[in-house]
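First up is the structure itself, then whatever we jot down about it.
The values are calculated or read from the model by the stated rules, or taken from the named source; none is laboratory data. Remember, it's a predicted structure, so these values are computed and weren't measured experimentally. Cβ placement follows ideal geometry from the backbone for every residue including glycine, while neighbour counts extend to all protein chains displayed. With ligands, DNA and RNA removed, areas are computed over all heavy atoms of the protein, side chains included. Shrake-Rupley method; radii C 1.70, N 1.55, O 1.52, S 1.80 Å.
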Amino acid sequence: MTSALNQTRSPALTPVHGSPEEFGLEQRLLAEAVRQYEEGRGTPVNEPQADIAAREIDGDLERRIMVRAQSLTIAPALTGALQQLHHAVALVVVVGLIIAAVTGATTARMTLGPEAGGPVNFFWVLGSILGVQTLALIAWLISIMAKPGVIAIGSLGGIVFALGSRLTRWLHKGPIQIAAVQAMGSVYARSNIGRWTLSAISHGLWLAFLIGCLLLVILILSTKQYGFVWETTILSERTYISLTRTLALVPEALGFTTPDAGQIAASQWTGEGKPPPQAGEAWSGLLVGSIVVYGILPRTLLLGLCLLGRWRASRRFRLDTTRPGFSHLRSRLMPVARPIGIVDREPASHLEQPDRIEEGPLPIQTEGPTAILGLEIEPPQSQWPPRLDGPDWLDLGFVDSRGDRRRVLEQINTAATAPRMIVVVCSLTSTPDRGTRAFIHDLQQSTHIPVVMVLTEGQRLRSRGNGDQLRQRIEDWHQLAKTAQVPDSRVMEIDLDHLTEASRAKLARLVCADARAGPRGRHIEQSFQVIVEHVSRWSGQPGVTEQAELQRAIAALYRAERPAWQDLLRVDLKESGNKVEQLKTGAHRMIELLPERLRHNRRWLAAGALAGALGCVAATTLVTPAAIAALPAWAGLGAAVSSLVGSFRKDEQSTAGPTVIDFTEAVSGAALFALVLELQGCDEVTITRIIDRVAEDEPPPINGPDAARRWLAGLRQRLDLALAAEGMA
Amino acid sequence: MTLPILKVAVVGHTNTGKTSLLRTLTRDAGFGEVSNRPATTRHVEGTSLLVDGRPLVELYDTPGLEDSIGLLEHLDSLRSDRHTDWLEVLRQFLGSPAAQGEFEQEAKVLRQVLGSDIALYVIDARERVLGKHRDELEILGRTAKPVVPILNFVASPEARTRSLQWREHLARVNMHAVVEFDTVVFNEQGELRLFEKMQTLLDHFHATLGALIEDRIRQRANLIHASADLLADLLIDVAAYKVTVPIDGQRTVEAMESLKQAVREREQQCVQALLELHRFRSEDYATEELSLDEVEQGLDLFNPASLKQFGIRASGGAAAGGMAGLAVDAMTGGASLGAAAALGATMGALLSSSRTHGRRIMDRMRGFTELRVSDATLRLLAVRQIGLVQALLRRGHASQEKIRLSAQAETGQKSWKTGRLPEVMGQARVNPHWSRLGSPHSASVDSNAARLAARDELTGFIEAGLLDSMGEAALPG
């Protein structure tokens, strides 16, 4: 197991291709070939394992690029292609050497002439053998001196290299081979390596040529008799003698026999006669010596120098990592940073949901001033506290530091009359944090006064970014409010810097629960008044007819919007039809509008059924002024409603008689009916949500007009808050 | 020589951009999690800054200090007698149950600061100096570690006066080495100043930070050079690109379309390379090419409207329809080789005996025509790509907005909009074999020595323009 692990891990930990010192020309060529391959392909090769291997070694970008190149899956193929290319070039070089040697031999044979015995012009022979190569040598020297024309294209080496490349391409066609040739070309083109390599090849070829010459010259001269002469038309004998002696200086020093002045003078060819035979040997010595000294030796020396230069250039060669093909690897192979990872983990408990709170009705008192404080906000540009008609402000000022927090608590606790609520104004530009949460939570818990949160400076946040940010921030504040035990209905976004009439009214609705009817001419106040009036007229439990009359009175208030709420309650106005069926539809409809929570309570179910059923009656009879009891169509109404309500209550042994309704259910049913009529125009989800916000889990027992008034007043306050929270103030 | 490794704790109030700072410093847009919400980071996460692969600085991202007021009160209550050392109190706090419960997050921060050599205190410079911030600084002061306050979001207009208030308060608590560094709008000088300020506070790590600073300067210069090189390569490819088509309606139209497509693809390829070079993800770039609507709005390279949008004058009236953005080296009757380019080509053909040039002349004789990208389009391409590079150079790795190419005038682009095009562009025009586009062995194009020289020259030109426009030297001195 362990060994298997080691085996799998070892390649990643230590790069397969040995230690950093081993990076040489071969590795760089490979990296260059990879670059060429990628550029030819258009897209970089993406092999994470190679990137990882490169990232794991120490060193600069070039080194990492080489390690990456070696770790790629195409590396062996490219290395192979490069080797093939090397072999091809080597093959061409060998062939070239052979050809050069043969050419040299041929040249020697040709210049010495086919016929032995006849006089041979020594300087013609020497010129033919050494002339071209000397000119080539001078050209090469000029090109090297004149410098940076990187490769002498026309040189023999260039031709050999081009032939080698062609050969490879011709033998193996494919992107890999092309990349290899390109890589070699580009490395050669961009550095001195190419120059020295091609020069070395040139020198080698010339050397072969000269050696070919030399060997044949020696062979011919050993086996045949030549008479070397010189001739001239315009030059003097002395010139020839001194020229020859100068030429002979170095060969003589190296031990070759050379003609002396007398022999030279004797070898002048004037058209007849024979050169002295002993001079032939001396002239031959000079010829061989000249080839060696003026041809072979310099070329050998230069070949050595070029090879040395090539070796040095190879050692010095570096990849040009600023080339796009390489520089893009920097971001991959040379990360600026390496993650350390998580060092101090967050505790699991933090992942838990924040404490859930009861989104119930508020125990808001009706008495007392409204306290207001600005928590970590800038004093708004408008008045502070905001000018409102309703509330009697208890200004607690702005809270920022620990001292402020203490002061506020003290001020609240020592206030002459305890505030009925505390309005905390927070800034949407600041991120809600646990410190704020703790303060709000403590404020509410220690004073037992409900906190209402106003989120201001929304405009400023909006100016920083997009709307998403604002929405997110408001949501975060709601989240914070929830964990601080402030329900959503008591959190509202109002920009105090830019108070408009609408937002002022919204604020007023939020903070003064007894504000008069809102701008849309609502009738809820009147409806509740009507309920109280009816209730005070009742003696004991009401009958179905009384309840129907009450609901009709409420419906009358909403006469103008009747089509809308009739639609909402699905009232069928046709006189004919199954009345009982219609009652059932109305009851079901009303119960559908109740939130899930209330549907579990039998009293709310009964109240809902009552409100729905009698709502139908109220709606259809709204047009006739007569008392409901007097209408023939609704005969037997009492029994029908009772059974209907009973079926919803799942409570067969109802204590109430057939036509008598429980007092609490009557009041809550009427209130529910009034609520729905008040909210008509909203979509059903909103109506349900608002009912959810204002209704207790179970209507408290109501036994008379006073209890009804109190309960309705609370309901009214909560409705205002809910409406304000919905932005419908 | 081994340099000591510097440990840095990045602290601050919640949502001030601690993780963003790390992203920017590490050039890693994927580090941690960034959002505009509170307490996004709830753990301590580290990362090392590398120089040549060796870690020199360890940065630790910490959760936000959220309840500093409560914590300070708690610490005060722990200190029973006035002479107790605050460090002692802090240690006592870290060992207490409160450090596991109520102040768990704050305890993490304090533990990290105590274990580090220096703390970077990140400030949202758009916010006022509040009591909680003062308390945070107070608590940090009790750790007896050097603190460098960093004013983040300074590029925001709101921060202008606020940052002064911050500086004033920081001076009051004896923190004078304040750095302005916006994590979204990147400023190279700001980053260097940050390291330099740290250097002044940390004698022991002078060499470490020095090596880091040097490396950052080098990297920046490399980045600019490599970007310029990519652009030069693109421009030469496009400028040299030529398509020879017979004078024949249908085939000309097809050729025009394929030419345009090739150029668009080449531009996209350059964008990808630039993004990778600058270590951004391709998702960060809002691609304009793909949507037809946007093409109509003038973002397509070959739409005359794009030229107008980028303030480039098309000489001789931009041709409409399929010809837009293209130029034709047409010839009339085989005799007139009026265009300078054509003359150059002829001369080139005569002098260099290059087969390509010869072929071009032959093509002309046979009634073919040559299509290429117009000068105006070339300018547009240059302006757009330079704009992209400028945007990338100024972009913090914490930025979450997408990169969009804007038509706004930048200083480095003026020469491309109205000035004479660099001479090498003209050379590219008459050397079709310099273009990778349409070349069967596109890789071989690169080793052409003349092209290399031209490209180096163009790179230098673009690089100079970039350095100029960024208003900051890549290398000091």
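Inspect the stretch A:645-662 for any residue being of a type in the set (Lys, Arg) and either modelled with pLDDT of 85 or more or open to solvent by less than 10 Å² (accessible area, probe 1.4 Å) (or both) and give the result as yes or no. For the stretch A:645-662, residues of a type in the set (Lys, Arg) and either modelled with pLDDT of 85 or more or open to solvent by less than 10 Å² (accessible area, probe 1.4 Å) (or both): absent. Of the residues A:Pro361, A:Pro369, A:Pro298, A:Pro385, only one is modelled with pLDDT of 75 or more, away from every other protein chain (no Cβ under 14 Å), surrounded by fewer than 20 Cβ atoms within 10 Å (Cβ to Cβ) and in contact with an Asp or Glu (Cβ under 6 Å, 6 or more places away or on another chain); which? Unique residue meeting the criteria: A:Pro369.
The combined condition, being under 22 Å from A:Ser401 (Cβ atoms), in contact with a Gly (Cβ under 7 Å, 6 or more places away or on another chain) and surrounded by 19 or more Cβ atoms within 10 Å (Cβ to Cβ), is fulfilled by B:Ile69.
Where helices (runs of 4 or more DSSP H) fall entirely within the stretch B:1-98, those with at least 2 residues that are facing chain A (nearest Cβ under 9 Å) are at B:18-26, B:68-78. Is there a residue in the stretch B:197-211 that is surrounded by fewer than 18 Cβ atoms within 10 Å (Cβ to Cβ), under 29 Å from A:Pro324 (Cα atoms) and free of Cβ contacts under 8 Å to residues at least 40 places away in the same chain? Yes, because at least one residue in the stretch B:197-211 is surrounded by fewer than 18 Cβ atoms within 10 Å (Cβ to Cβ), under 29 Å from A:Pro324 (Cα atoms) and free of Cβ contacts under 8 Å to residues at least 40 places away in the same chain. Considering (1) in a helix (DSSP H, G or I); (2) polar (S, T, N, Q); (3) out of contact with any helix residue (DSSP H, G or I) (no Cβ under 7 Å at 6 or more places or on another chain); (4) at pLDDT below 85, the lone condition that A:Thr246 does not fulfil carries the number (4). Taking the conditions (1) within 14 Å of chain B (Cβ to nearest Cβ); (2) modelled with pLDDT of 80 or more in turn, A:Trp196 satisfies each one other than (1).
Tell me yes or no: at least one residue of the stretch A:484-494 is out of contact with any Pro (no Cβ under 6 Å at 6 or more places or on another chain), surrounded by fewer than 19 Cβ atoms within 10 Å (Cβ to Cβ) and either touching a residue at least 40 places away in the same chain (Cβ under 8 Å) or outside any loop (DSSP other than H, G, I, E, B) (or both). Yes, some residue in the stretch A:484-494 is out of contact with any Pro (no Cβ under 6 Å at 6 or more places or on another chain), surrounded by fewer than 19 Cβ atoms within 10 Å (Cβ to Cβ) and either touching a residue at least 40 places away in the same chain (Cβ under 8 Å) or outside any loop (DSSP other than H, G, I, E, B) (or both). B:Phe153 fulfils the conditions (1) touching a Lys or Arg at 6+ places or on another chain (Cβ under 7 Å); (2) closer than 21 Å to B:Glu58 by Cα; (3) surrounded by 24 or more Cβ atoms within 10 Å (Cβ to Cβ) except for a single criterion, (2). Answer yes if at least one residue in the stretch A:311-319 is within 14 Å of chain B (Cβ to nearest Cβ), surrounded by fewer than 21 Cβ atoms within 10 Å (Cβ to Cβ) and not in a helix (DSSP H, G or I), and no otherwise. No, there is no match, as no residue in the stretch A:311-319 is within 14 Å of chain B (Cβ to nearest Cβ), surrounded by fewer than 21 Cβ atoms within 10 Å (Cβ to Cβ) and not in a helix (DSSP H, G or I). With the structure loaded, tell me whether A:Thr500 is open to solvent by 10 Å² or more (accessible area, probe 1.4 Å) and within 14 Å of another protein chain (Cβ to nearest Cβ) or whether it fails that test. Against the criterion (open to solvent by 10 Å² or more (accessible area, probe 1.4 Å) and within 14 Å of another protein chain (Cβ to nearest Cβ)), A:Thr500 does not qualify. Between B:Asp229, B:Asp215, the distinction of being within 30 Å of B:Leu381 (Cβ to Cβ) and open to solvent by less than 10 Å² (accessible area, probe 1.4 Å) belongs to B:Asp229 only.
When the stretch A:28-51 is limited to residues that are within 16 Å of A:Thr322 (Cβ to Cβ) and not acidic (Asp, Glu), the one that is surrounded by the most Cβ atoms within 10 Å (Cβ to Cβ) turns out to be A:Ala31. A:Arg462 meets the stated requirement of being modelled with pLDDT under 85 and either under 37 Å from the mean Cα position of the chain (by Cα) or of a type in the set (Val, Ile, Thr) (or both).
Exactly one residue out of A:Leu461, A:Leu510, A:Leu470 is crowded, with 24+ Cβ neighbours inside 10 Å and either more than 19 Å from A:Gly397 (Cβ to Cβ) or within 14 Å of chain B (Cβ to nearest Cβ) (or both): that is A:Leu510.
For the stretch A:417-436, the tally of residues that are charged (D, E, K, R), open to solvent by 10 Å² or more (accessible area, probe 1.4 Å) and at the interface with chain B (Cβ under 8 Å from one of its Cβ atoms) stands at 1. Would you call A:Asp442 within 11 Å of chain B (Cβ to nearest Cβ) and either among the hydroxyl-bearing types (Ser, Thr, Tyr) or open to solvent by 10 Å² or more (accessible area, probe 1.4 Å) (or both)? For A:Asp442, the condition - within 11 Å of chain B (Cβ to nearest Cβ) and either among the hydroxyl-bearing types (Ser, Thr, Tyr) or open to solvent by 10 Å² or more (accessible area, probe 1.4 Å) (or both) - is met. For the stretch A:706-729, the tally of residues that are in contact with a strand residue (DSSP E or B) (Cβ under 7 Å, 6 or more places away or on another chain) and open to solvent by 50 Å² or more (accessible area, probe 1.4 Å) stands at 0. Taking B:Phe153, is it under 20 Å from B:Arg23 (Cα atoms) and modelled with pLDDT under 90? Criteria met by B:Phe153. Exactly one residue among A:Arg63, A:Arg41 is more than 30 Å from B:Arg218 (Cα to Cα), of a type outside the set (A, V, I, L, M, F, W, C), touching a residue at least 40 places away in the same chain (Cβ under 8 Å) and within 13 Å of another protein chain (Cβ to nearest Cβ), and that residue is A:Arg41. For the stretch B:179-195, a residue qualifies if it is over 20 Å from B:His278 (Cβ atoms), touching a helix residue (DSSP H, G or I) at 6+ places or on another chain (Cβ under 7 Å) and open to solvent by 10 Å² or more (accessible area, probe 1.4 Å), and exactly one does: B:Glu180.
Inspect the stretch B:254-267 for any residue being open to solvent by 30 Å² or more (accessible area, probe 1.4 Å), in a helix (DSSP H, G or I) and within 11 Å of chain A (Cβ to nearest Cβ) and give the result as yes or no. Within the stretch B:254-267 (the criterion being open to solvent by 30 Å² or more (accessible area, probe 1.4 Å), in a helix (DSSP H, G or I) and within 11 Å of chain A (Cβ to nearest Cβ)), the answer is yes, since at least one residue qualifies.
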